Amino acid sequence: MAKYKYRPDEIDAVQITDAWFDFDINHSDLDLPKSCSVVRCIREAKNRHVIIKTNRGKLWGRVGHWLIREKDGSTYMCDEDVFATMYVPVK
């Protein structure tokens, strides 16, 4: 996962992309936190989403959403518009 900064803390984040829905992809190769795994990919044209199992339950996300893990280990989804206004990449 890449590092991003949110006033002043750093988080780990990965964005859900179209590639997550390829039939050839091995979801264990995705850059997910070790405490997360893809449970299911719904590939319907108008309802594409993933369900991700975390150490605190299941999360639901669409293409463009960001999977975020904070320093305390909490994991959650964030809409791409919200993410863009709140986080900047760590250099």
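FYI, it's all coordinate maths here, none of it is from the lab. None of the values given here were measured: they were computed from a predicted structure. Neighbour counts run over all protein chains shown; Cβ positions are idealised from the backbone, glycine included.
Specify the residue that is farthest from Met77 (Cα to Cα); the eligible residues are those in the stretch 16-38 that are surrounded by 13 or more Cβ atoms within 10 Å (Cβ to Cβ) and of a type in the set (A, V, I, L, M, F, W, C).
So the residue we want is Ile25.
Of the residues that make up the stretch 72-79, is at least one touching a Lys or Arg at 6+ places or on another chain (Cβ under 7 Å), β-branched (Val, Ile, Thr) and within 16 Å of Met1 (Cα to Cα)?
yes
Considering each residue of the stretch 1-15, count those that are loosely packed, with under 13 Cβ neighbours inside 10 Å and part of a strand (DSSP E or B), and give that number. Spell out the reasoning first.
To start, the set of residues in the stretch 1-15 that are loosely packed, with under 13 Cβ neighbours inside 10 Å comprises 2-3, 7-9.
Applying the additional criterion that residues be part of a strand (DSSP E or B) yields 2-3, 9.
So the count comes out to 3.
Residue-wise test of (1) touching a residue at least 40 places away in the same chain (Cβ under 8 Å); (2) surrounded by fewer than 14 Cβ atoms within 10 Å (Cβ to Cβ); (3) among the charged types (D, E, K, R).
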| site | (1), (2), (3) |
| --- | --- |
| Ile52 | no, no, no |
| Arg56 | no, yes, yes |
| Ser74 | no, yes, no |
| Met77 | no, no, no |
| Phe83 | yes, no, no |
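If I ask for residues that are closer than 16 Å to Ala13 by Cβ, among the small types (Gly, Ala, Ser) and outside any strand (DSSP E or B), which ones from the stretch 24-78 would you list?
Ser35, Gly64, Gly73, Ser74
Being loosely packed, with under 13 Cβ neighbours inside 10 Å and of a type in the set (Lys, Arg) is the filter; apply it to the stretch 58-72 and report the residue that is farthest from the chain's Cα centre (by Cα).
Taking the candidates together, the pick is Lys71.
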